[in-house]
Amino acid sequence: MKTVYFILTIFLSIQLFAQIPTDNFEIGDKAPTFIGVDQSGNKLKSKEILENQKILLVFYRGNWCPHCRKHLASLQENLDELLAKGVHVIVVTPETAENIEQTEKKLKTSFSIVHDTNNKIMNKYKVAYEVNKENVGGGYFNILVKTTEYNAADNNVLPVPATYLIDQNGLFSYVQYDSNYKNRADFGEVMKLVE
């Protein structure tokens, strides 16, 4: 019976992540440039920011996700130290401005959160995937299909919750990309790279 359960678990895990992008970036790769507008109306141009600072780029699915909330709370706890080390923190999400505002209030965040209009940044960073029954499974799909209520693009696209540290040469010096949404970057590890 244990063998059957194990095989079923493996099969479901493969099904769960089968359609999620796996052609991700690696340390040393050139980071795509991007432009976004944060919740305060600031226009963020990665090319300009990298002239003076590194960029920590974090993708999150939405404030409905408890793992995302926990991860962003951890980011906020480490924010002052990151800023002191010359790191500009940018968080990217497909969710609406209203939901970004809720996230900001609930978590008392003070970093830039960019609504990714038409999923442009997520696509550039190869983290975007469409929520469907093939890649998230039946029961969980019924929950995630509500992403259209949260996403401003009115679609079922979410990002793999990845984290990238981009150095001033525009290269990735840290990459955390895992199709398992429960696995997130450890900001303690990131901190060691910016000392």
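The values are calculated or read from the model by the stated rules, or taken from the named source; none is laboratory data. Note that the structure is predicted; figures quoted are calculated from it, not measured. Note that each Cβ is placed from the backbone with ideal geometry, even for glycine, and that neighbours are counted across all protein chains shown.
Data for the structure
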quantity: Subset tally (residues that are touching a Pro at 6+ places or on another chain (Cβ under 7 Å), modelled with pLDDT of 95 or more and more than 12 Å from ILE90 (Cβ to Cβ)) for region 59-70; calculated: 0
quantity: Helices (runs of 4 or more DSSP H) wholly inside region 42-129 containing at least 1 residues that are more than 24 Å from ILE27 (Cβ to Cβ), without any contact (Cβ under 8 Å) to a residue 40 or more places away in the chain and out of contact with any helix residue (DSSP H, G or I) (no Cβ under 7 Å at 6 or more places or on another chain); calculated: 66-84, 97-107
quantity: Enumeration of residues in region 1-58 that are within 20 Å of the chain's Cα centre (by Cα), of a type outside the set (S, T, N, Q) and modelled with pLDDT under 50; calculated: LEU16, PHE17, ALA18
quantity: Every residue from region 130-167 that is modelled with pLDDT of 65 or more and in a loop (DSSP other than H, G, I, E, B); calculated: VAL131, ASN132, ALA152, ASN155, ASN156, VAL160, PRO161, ALA162, ASP167
